[in-house]
Amino acid sequence: MKVWYRIRQWFMAVMIGIMTRQPKVIKGSGSLVKIADNLEKTGKKKVFIVTAPVFIEWGSLNGLLDALKAKGIEATVFSKVATEPTIELVTEAFGEYKKAGCEAIIAVGGGSVIDCSKAVGALAVSRKTIPQMRGVLRILKRLPDLYAVPTTAGTGSETTAAAVITDTIDGKHYKYAVNDFCLIPRYAVLDADLTLTVPAKITAATGMDALTHAVEAYTNDFASNMVKTRALDAVSLIYKNLPAVYENGQNVEARDNMLYAAFEAGIAFTTNFVGYVHAVAHAIGGLYGVLHGEACSIVLPYVMEQFGSKIYGRLAELADAAGVAGATEEEKAKNFIASIREMNEKMGIPSKVEKLKKEDFDEIISRAIKEANPLYPCPVIWNKKDFEILLNKLI
Ligand SMILES: [Fe+2]
């Protein structure tokens, strides 16, 4: 069974290596406004902007709207994405996109806004409905140019090939993913000015989410040189800048570096997946409503510890990137894990999952195994017993 998992994972790694691509980066303070120059250069006259109501309220888009107007580019703003997008919302947005005859999309917001924009782009080029796109490689067409502008530094949705859409059937909500390389945004616009107002708690959780992406992609089997380089750089940037942005949210340079770290970590996990930390964090998040990044940061040190000596070498390399010392590989690996715990503690992230209940173990384990095996190339393949050991440490 485990041999079959590894063959499948190796095959996936080869396929992704061939098919994936990376967004072009427009970065630095004020880069949101630069989208107008790029649209002009690429000859686009009508653009569709997807965002959340709060960014209209705060006037975050005013500079961009002025720049578009000055260049004679017509903008249609859709600002109804407050939570995870439903099929109805995506259909409504696409209706407006089509009515205005738009040729490109700008997504300013978190994962929900970017996912909604990806789905609108997919509807613009495919004859399929969203439910028909569910699964893997069901679109296979070039989307209109999508500019993804993340407003938190963590999720990496500006780099990913997936959109999560909520479907409602008989009053029940089902979340499912549309996965296709053509959903990877054409441009990632990393403008720190948009992240200055993110509160410290969210900064901490999203930053640790990015760290988890980098660490899981790096410690997984089959990490390519590109994945390793991106992940090491992300870890180095996060260790240097996350404590600084947590202390002072107005530190533009550190915010800028965190956005780039989250982008690089996003590239790493889009190519080499996440692992059991995410599988367990998704189950805990779904059952108890724990913030995704917070769930990841609590679970991360325990999972790395439980993988044991198999990953001492890989963790020691991450320790070097983080500036964490140690005399041997084993010592560096253990010190790196300890440094994650220390960072959590400094940012007020607990060391256990407070709401976790023993009676939910079976449900969490079955969800985690369903998500992770055989898809994620985790360094050690776990069964039910291994997850039980982990959950007993988290309670
Ligand atoms: Fe994540």
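Run the quick spin-label model on Lys393 and Glu84: label points 7 Å from Cα toward the beta carbon, then report their separation in nm to one decimal.
Modelled inter-label distance: 2.8 nm.
Using a 10 Å cut-off on Cβ atoms, rank the peptides 119-127, 352-360 from the highest mean neighbour count down. Present the calculation step by step, with values, prior to reporting the outcome.
Working: 119-127: 20.8, 352-360: 12.8.
Ranked by mean Cβ neighbours within 10 Å, highest first: 119-127, 352-360.
Compare the peptides 79-88, 262-271 by average per-residue count of other Cβ atoms within 10 angstrom and give them in order, highest first. Don't skip to the answer; put the middle values down first.
On the way: 79-88: 16.7, 262-271: 28.0.
The packing order, highest mean first, is 262-271, 79-88.
Quote to one decimal, in nm, the extra length available between Lys2 and Glu354 on full extension: 0.36 nm per residue of separation minus the C-alpha distance between them.
Once the chain is fully extended between Lys2 and Glu354, it gains 123.4 nm.
Relative contact order for the chain: what is it in percent, counting Cα pairs under 8 Å that are at least 6 residues apart?
On the way: 740 pairs, mean separation 61.1, N = 395.
About 15 percent, as a whole number.
Using the heavy atoms of the protein chains alone and a 1.4 angstrom probe, what is the accessible area of the chain per residue in square angstrom?
Values: 16810 Å² over 395 residues.
On a per-residue basis, the chain sits at 43 Å².
Considering only protein heavy atoms, what is the solvent-accessible area of Lys141 at a probe of 1.4 Å, reported in Å² to the nearest 10?
The accessible area comes out at roughly 100 Å².
Run the paramagnetic zone check for Thr197: 7 angstrom along Cα to Cβ, then residues of the stretch 64-83 with backbone nitrogen under 18 Å.
Residues 64-66, 78-83 qualify, since their backbone N sits under 18 Å from the label point.
Pop out the ³J(HN,Hα) list for the stretch 169-175 in order, Karplus 6.51 cos²θ - 1.76 cosθ + 1.60 with θ = phi - 60°, rounded to Hz; leave Gly and Pro as x.
10, 6, x, 9, 9, 10, 9
Could you tell me how far the Cα centroid of the stretch 229-293 sits from the Cα centroid of the stretch 301-321, in Å?
Here the answer is 17 Å between Cα centres.
Out of the total accessible area of the chain (probe 1.4 Å, heavy atoms of protein only), what percent is carbon and sulfur?
Working: 9230 of 16810 Å².
With neighbouring chains kept in place, the figure for the chain is 55 percent.
What ranking do 235-242, 318-325 get when scored by the average of other Cβ atoms within 10 Å per residue, highest first? Present the calculation step by step, with values, prior to reporting the outcome.
Details: 235-242: 22.9, 318-325: 19.6.
Sorting 235-242, 318-325 by mean packing, highest first, produces 235-242, 318-325.
In the full protein assembly as shown, how much of Arg8 is accessible to a 1.4 Å probe, in Å² to the nearest 10?
Around 90 Å² of this residue is reachable by solvent.
Could you run the Karplus curve 6.51 cos²θ - 1.76 cosθ + 1.60 with θ = phi - 60° over the stretch 55-60 and give me ³J(HN,Hα) per residue in whole Hz, x for Gly and Pro?
Result, rounded to whole Hz: 6, 6, 4, 7, x, 5.
At each listed q (0.09, 0.12, 0.14 Å⁻¹), what is the log10 of I(q)/I(0) that the Debye formula gives for the chain modelled as equal alpha-carbon point scatterers?
Here the Debye-derived log intensity ratios amount to -0.52, -0.93, -1.26.
Report the gain in length on full extension from Glu74 to Lys384: 0.36 nm times residue separation, minus Cα-Cα distance, nm rounded to one decimal. The partial results should precede the final answer.
Details: separation 310, 0.36 × 310 = 111.60 nm, distance 5.50 nm.
Taking 0.36 nm per residue and subtracting the Cα distance, the gain is 106.1 nm.
Over the Cα atoms of the stretch 197-394, what is the Rg over Rh ratio if Rh follows Kirkwood? Don't jump to the answer; show the numbers that get you there.
Values: Rg = 15.7 Å, Rh = 16.6 Å.
Reported Rg/Rh (Cα atoms, Kirkwood Rh): 0.94.
Once you put a point 7 Å from the Cα of Lys99 and another 7 Å from the Cα of Ala325, both along the Cβ direction, what distance in nm separates them?
According to this spin-label approximation, the distance is 6.5 nm.
With r defined as the distance between the Cβ atoms of Asp362 and Val14 and R0 fixed at 30 Å, what FRET efficiency is calculated, to the nearest 0.05? Can you show the working numbers first?
Details: r = 35 Å, r/R0 = 1.18.
With R0 = 30 Å, the Cβ-Cβ based efficiency is 0.25.
Label Tyr288 and Asp167 with points 7 Å out from Cα along Cα→Cβ: what is the distance between them in nm?
3.1 nm
Residue by residue through the stretch 82-88, which ³J(HN,Hα) values in whole Hz follow from phi under the Karplus form 6.51 cos²θ - 1.76 cosθ + 1.60 (θ = phi - 60°), with glycine and proline marked x?
Values, residue by residue: 8, 10, 4, x, 9, 4, 4 Hz.
Normalised by the number of residues in the stretch 10-89, what is the relative contact order in percent for Cα pairs under 8 Å and 6+ residues apart? Spell out each step's value before the answer.
Numbers: 59 pairs, mean separation 26.4, N = 80.
Relative CO of the stretch 10-89 lands at 33 percent.
The values are calculated or read from the model by the stated rules, or taken from the named source; none is laboratory data. Just so you know, these numbers come straight off a predicted model, no measurement behind them. Note: ideal-geometry Cβ built from the backbone for every residue, glycine included; neighbour counts use all protein chains shown. These area figures cover heavy atoms from the full protein model, side chains too; ligands, DNA and RNA do not enter into them. Shrake-Rupley method; radii C 1.70, N 1.55, O 1.52, S 1.80 Å.
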